[in-house]
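First the structure, in the form of structure tokens, and then the observations on it.
The values are calculated or read from the model by the stated rules, or taken from the named source; none is laboratory data. None of these values were measured; they are calculated from a predicted model. Cβ sites come from the backbone with ideal geometry, for glycine too, and all protein chains shown count toward neighbours. What goes into the accessible areas is simple: the full protein's heavy atoms, side chains included, and nothing from ligands, DNA or RNA. Shrake-Rupley method; radii C 1.70, N 1.55, O 1.52, S 1.80 Å.
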Protein chains: 2
Amino acid sequence: MILLHHFALSPFCRKVRLVLAEKKLEVELVDEPYWERDPEFLRRNAAGKVPVLRTDGLTLSDSTAICEYLEETVPDPALLPKEPAERAEVRRLVGWFDDKFHHEVTSKLVYERVNKKLTRAGYPDGAAVKAGVKAIKFHLDYMGWLLDQRRWLAGDALTLADFAAAAHLSCLDYSGDVDWARSETVRDWYAKIKSRPAFRGILADQVPGFRPKPHYADLDF
Amino acid sequence: MILLHHFALSPFCRKVRLVLAEKKLEVELVDEPYWERDPEFLRRNAAGKVPVLRTDGLTLSDSTAICEYLEETVPDPALLPKEPAERAEVRRLVGWFDDKFHHEVTSKLVYERVNKKLTRAGYPDGAAVKAGVKAIKFHLDYMGWLLDQRRWLAGDALTLADFAAAAHLSCLDYSGDVDWARSETVRDWYAKIKSRPAFRGILADQVPGFRPKPHYADLDF
């Protein structure tokens with residue numbers, strides 16, 4: 001049995017869950033309040049972060065390392081193309097969302113509003129929230145620009161880049177922070193990925209004390 | 001000809017330079033004052049960050065994507081092991097340094113003291129510097145703990161994980177922020193990696209207005 005130590009609104013955990021589901025790997029989810037720094041959890045991952053995946057007798061951490069491991073050990077269906085240049089484009093975009101988008105948007109909106117309350121780390125920083133609201137517009141426009149030229153974010157095939165992006169956007173959609181009217185192209189892309197069977201678990205998520213927005217699980221939003 | 005748009009004290013650029021040199025790929029370095037957001041540079045990388053590598057008619061960005069591309073297209077010498085579990089351990093540690101260590105140490109010391117001055121972004125934040133000085137101790141201890149069990153950081157062979165770590169530590173060593181007396185094991189590891197031919201370019205770096213500490217290029221520090 002595969003075990004995933006996770007937090008429901010972590011985009012990094014959601015990316016791993018989407019990859020597992022797309023590859024039809026059954027997983028048991030273990031809610032991990034990582035901010036409590038439980039010694040048993042820290043023994044599994046000294047970085048003190050989720051996701052942590054336990055599989056094949058191994059304990060793996062770092063969402064990039066986990067996704068590459070899954071791609072190497074369960075290659076079908078492929079979430080990375082075969083050509084090095086195309087793989088680089090997928091990885092560039094995974095980095096774009098997990099680093100830049102996370103820093104400029106997810107951490108400024110979801111973390112300020114939800115994680116801070118859950119972890120009792122204080123009140124949202126108004127300037128950070130404002131910066132996040134502004135930055136997401138640029139990112140939606142950039143996604144729209146990419147999707148005007150490509151069927152999926154990194155090219156003609158669905159890849160890890162789409163799951164990385166959808167993982168972040170789904171967390172923001174949970175709290176109602178995505179203005180889907182901004183780009184029809186991006187909304188169509190999200191509707192397509194949201195209707196995949198792999199997305200079902202994510203749409204069923206409920207974080208105690210934070211109900212999702214009514215349209216969150218609606219496939220026709 | 002391979003071109004690398006870089007900034008001398010960027011640990012991400014240094015990691016790519018080390019990988020290029022280890023694989024004996026000649027590269028022409030282009031100094032890129034990325035903070036000036038030159039439109040020509042932004043056209044190459046919308047993220048506005050270095051490194052950007054131009055090779056094989058491609059323009060690649062994101063240091064992880066670049067290093068994986070180089071590993072796939074120039075597999076010899078290998079900087080990733082063959083086994084998926086061992087590859088996951090290398091990638092976990094690359095993530096450790098490029099994400100956690102960068103956030104807790106490099107950005108708090110090098111960026112506060114050097115980049116802020118260069119980019120005219122204000123004065124160093126004393127609380128950040130203090131946090132960085134404290135955090136590097138934990139990281140040196142963690143590296144020492146790993147190196148007590150392994151020849152190199154991720155196992156018995158030199159990998160991308162060692163270059164990621166050395167890239168960050170070399171930036172901090174430039175500004176004199178590494179207490180090498182803290183761990184003999186870590187110092188021995190750094191002496192070993194520092195004496196590799198691949199490291200020569202990095203030891204010759206000079207950032208205008210910021211001279212390196214006298215021991216910086218000394219192989220017997």
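Annotations
- The stretch A:1-58 gives an Rg/Rh value of 0.96, both radii derived from C-alpha positions and Rh following Kirkwood.
- Each eigenvalue of the Cα gyration tensor of the stretch A:84-200, multiplied by 5 and square-rooted, gives one semi-axis; in descending order these are 26, 14, 14 Å.
- The packing ranking, built from the mean of other Cβ atoms within 10 Å per residue, places the peptides A:169-176, B:113-120, B:92-99 in the order B:92-99, A:169-176, B:113-120, highest first.
- Measuring with a 1.4 angstrom probe and ignoring ligands and nucleic acids, B:Ile2 comes out at about 20 Å² accessible.
- For the pair A and B, total buried accessible area rounded to nearest 100 Å², probe 1.4 Å: 2000
- When only alpha carbons are used to place a centre, the stretch A:3-58 and the stretch A:144-181 end up 22 Å from one another.
- Simple point charges give the picture: +1 on the Cβ of Lys and Arg, -1 on the Cβ of Asp and Glu, and for the protein assembly as shown a dipole about the Cα centre of about 1080 debye.
- Relative contact order [Cα under 8 Å, 6+ residues apart], chain B, whole percent: 22
- Taking every protein chain into account, the 1.4 Å probe leaves A:Tyr216 with about 0 Å² of accessible area, to the nearest ten.
- Calculated [222 nm] ellipticity per residue, helices only, for chain B: -13500 deg cm²/dmol; basis is -39500 (n - 2.57) per DSSP H run with n ≥ 4, divided by all residues, nearest 500.
- Dipole of the stretch B:84-196, positive end: most advanced residue of B:Ile136, B:His102, B:Leu118 [Cβ charges, Cα centre]: B:Leu118
- For the stretch A:68-88, accessible area lost to neighbouring protein chains reaches 10 Å² or more, against the chain alone with a 1.4 Å probe, at A:Glu68, A:Tyr69, A:Glu72, A:Thr73, A:Pro84, A:Ala85, A:Arg87, A:Ala88.
- Accessible area (Å², per residue) of the stretch B:37-180, counting only protein heavy atoms and a probe of 1.4 Å: 43
- Dipole size of chain A about its Cα centre, with +1 on Lys/Arg Cβ and -1 on Asp/Glu Cβ: approximately 540 debye, rounded to the nearest 20.
- Axial C-alpha extent at least 18 Å, average Kyte-Doolittle at least 0.5 - helices from chain B (DSSP): B:160-174
- Compactness index (Cα Rg / 2.2 N^0.38 Å), the protein assembly as shown: 0.96
- Carbon and sulfur %, accessible surface of the protein assembly as shown computed with the full protein complex present, 1.4 Å: 51
- Structure note, pairs B:Lys117/B:Lys194; A:Lys15/B:Lys130; A:Lys49/A:Lys137; A:Lys49/A:Lys100; A:Lys49/A:Lys108: Cα-Cα distances above 24 angstrom occur for B:Lys117/B:Lys194; A:Lys15/B:Lys130; A:Lys49/A:Lys137.
- Taken residue by residue and averaged, Cβ atoms of other chains lying within 10 Å of the Cβ of B:186-194 number 0.
- Whole-number percent relative contact order across the stretch A:2-73, with pairs defined as alpha carbons under 8 Å at least 6 apart: 39
- In chain A, inverting the average of 1/r over every pair of distinct C-alpha atoms gives 17.8 Å as the Kirkwood radius.
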